[in-house]
Structure formats: C-alpha cells, structure tokens
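Okay, so here's the structure we're looking at.
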Amino acid sequence: VDGHPFSNYPGEPWLRDWPDAEYHLLQGVKRLTRIDAGEYRQVSLLNDAIFDYPIVYAVKVGLWHLNSREVSRLREYLLKGGLLIVDDFHGPNEWAQFIATVRKVFPNKAIVDIPDEHEIFHVLYDLDDRQQIPGRNAVYNGVTWEHPLGMPEHWRGIYDVDGRVLMAINFNMDLGDAWEHADDAFYPQPMTALAYRIGINYIIYSMTH
C-alpha cells in the first residue's frame with residue numbers, strides 16, 4: 001500500500017494516520033491472507049517507482065491540489081492498471097475540492113455509486129452489510145460522522161472502459177482511523193474488523209484486475 005503526498009496544503013494532511021494505519025493494515029493483510037505484502041512505502045506520483053505498486057492510498061483528498069505533471073502521471077498510473085483508494089474526507093466543501101481535481105484527471109468519466117453486488121465487495125469477503133467507518137474523534141462524540149453534512153457514507157468509484165474500478169472513493173468515512181487505532185481498546189473492534197475486510201478486498205481486487 002502506498003502513501004503519497006498529494007497535497008501541498010500546509011500541515012501535510014496526507015500524513016494523517018501515518019505510519020500506524022499502514023502498519024496495522026499490512027499486519028492484517030499478512031495475518032488474513034497469503035499476500036506477501038512487504039512494507040508500506042511513500043512514493044511520489046512523479047517517481048517512476050509508483051508503477052511498481054498496484055495500489056495508492058490517499059487521505060484528506062478534500063484538500064488536494066495536483067499540478068499538471070501530477071495530474072498526467074495519476075491518469076497514466078490508473079489507466080495502466082493502478083487503483084487509487086481515497087479516504088478520510090467529509091462534507092460538501094471537501095467533496096467539491098476533490099471533484100475539481102478529479103475532473104482534471106478524468107474530465108469525462110462518471111463518478112458513480114458502486115453497487116452492493118459489485119465484485120470489489122465480494123472478491124474475498126462478502127461486504128453487503130457495510131456501514132459508515134468513523135474517525136476516532138467521532139467515536140468520542142458518540143456519532144459516526146465527522147461533518148454535520150457528512151452523513152450518510154458513500155461508496156463510489158470511477159471505472160475504465162472495460163468496467164474496472166480505477167478509483168475507490170470512500171466518502172464521509174475514515175478507514176485510516178479504524179486501521180490506525182486497531183490496538184486501541186476505545187475504538188470499536190467491529191469497525192476495525194470491517195475496515196480490514198474492506199481494505200483487503202480492495203487490494204485483492206486491484207491485484208486480480
């Protein structure tokens with residue numbers, strides 16, 4: 001799983017949850033599958049090494065700003081078989097900023113809700129019974145959403161011409177917190193278990209499509 005500095009926003013929000021989220025997710029992958037997951041890496045979009053990895057995971061994409069070279073490289077990466085997983089962005093303002101950047105990458109591709117029956121939710125685990133994955137602060141507040149308008153959750157995607165998911169969009173959710181706090185007794189274990197299954201399905205889908 002790749003972390004990547006998509007945003008030049010002050011404070012580097014793309015580092016949110018790193019490295020604990022990546023560490024715990026990969027421990028889960030190693031424990032629950034036979035995938036030789038190796039170690040997590042941070043790789044710039046402009047580094048050719050990005051093509052060595054089937055998956056890029058990015059957080060706080062409601063704040064991202066890609067320059068023209070990064071836009072071109074992300075498009076190339078995805079069309080050559082990569083999968084971008086985006087997570088931990090909430091509410092209409094962050095959605096609008098995310099869409100503004102996506103439209104530079106794929107001006108004409110639709111963003112659609114991924115249906116429950118799609119293979120990405122069944123490639124290993126059957127994930128029909130999904131629910132909103134909350135951040136840790138939301139759990140403290142007794143809710144599952146992080147923004148007043150951040151309910152409900154949405155599982156969306158962008159497809160290529162052959163129907164492969166290029167981008168898995170986890171909107172109004174925080175899978176990264178569920179992974180990051182996997183060893184925190186306060187964070188609900190069922191949420192972490194679900195987040196592991198979602199992440200593993202994404203990984204296996206990407207590696208088999």
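Worth a mention:
- Whole-percent carbon and sulfur share, accessible surface of the chain, 1.4 Å: 50 percent
- Solvent-accessible area per residue for region 166-209 (1.4 angstrom probe, square angstrom): 30 Å²
- For region 119-165, projected area of the alpha-carbon convex hull averaged over all directions, nm²: 4.6 nm²
- Translational D in µm²/s for region 104-209 (Stokes-Einstein at 37 °C, 0.692 mPa s, Kirkwood Rh from C-alpha pairs): 223 µm²/s
- Charge dipole magnitude, Cβ of K and R +1, D and E -1 - the chain, Cα centre, debye nearest 20: 580 debye
- With the convex hull drawn over the C-alpha atoms of region 90-151, the volume per residue is 127 Å³.
- Residue with peak Gaussian network fluctuation, the chain [Cα springs, cutoff 10 Å], from 49, 96, 21: 49
- Per residue, region 28-92 exposes 46 Å² of solvent-accessible protein surface, assessed with a 1.4 angstrom probe and all protein chains in place.
- Kirkwood Rh in Å, taken over all unlike Cα pairs in the chain: 17.1 Å
- GNM remark for the chain: springs join alpha carbons under 10 Å apart, and the peak mean-square fluctuation among 24, 147, 90 falls on 147.
- Anisotropy class of region 21-105 from Cα gyration tensor, a/c 1.5 cut: oblate
The values are calculated or read from the model by the stated rules, or taken from the named source; none is laboratory data. The shown structure was predicted, so the numbers you read here are calculated from the model rather than taken from an experiment. Quick reminder, even Gly has a Cβ in these numbers, built from the backbone with ideal geometry, and neighbours come from all protein chains shown. These area figures cover heavy atoms from the full protein model, side chains too; ligands, DNA and RNA do not enter into them. Shrake-Rupley method; radii C 1.70, N 1.55, O 1.52, S 1.80 Å.
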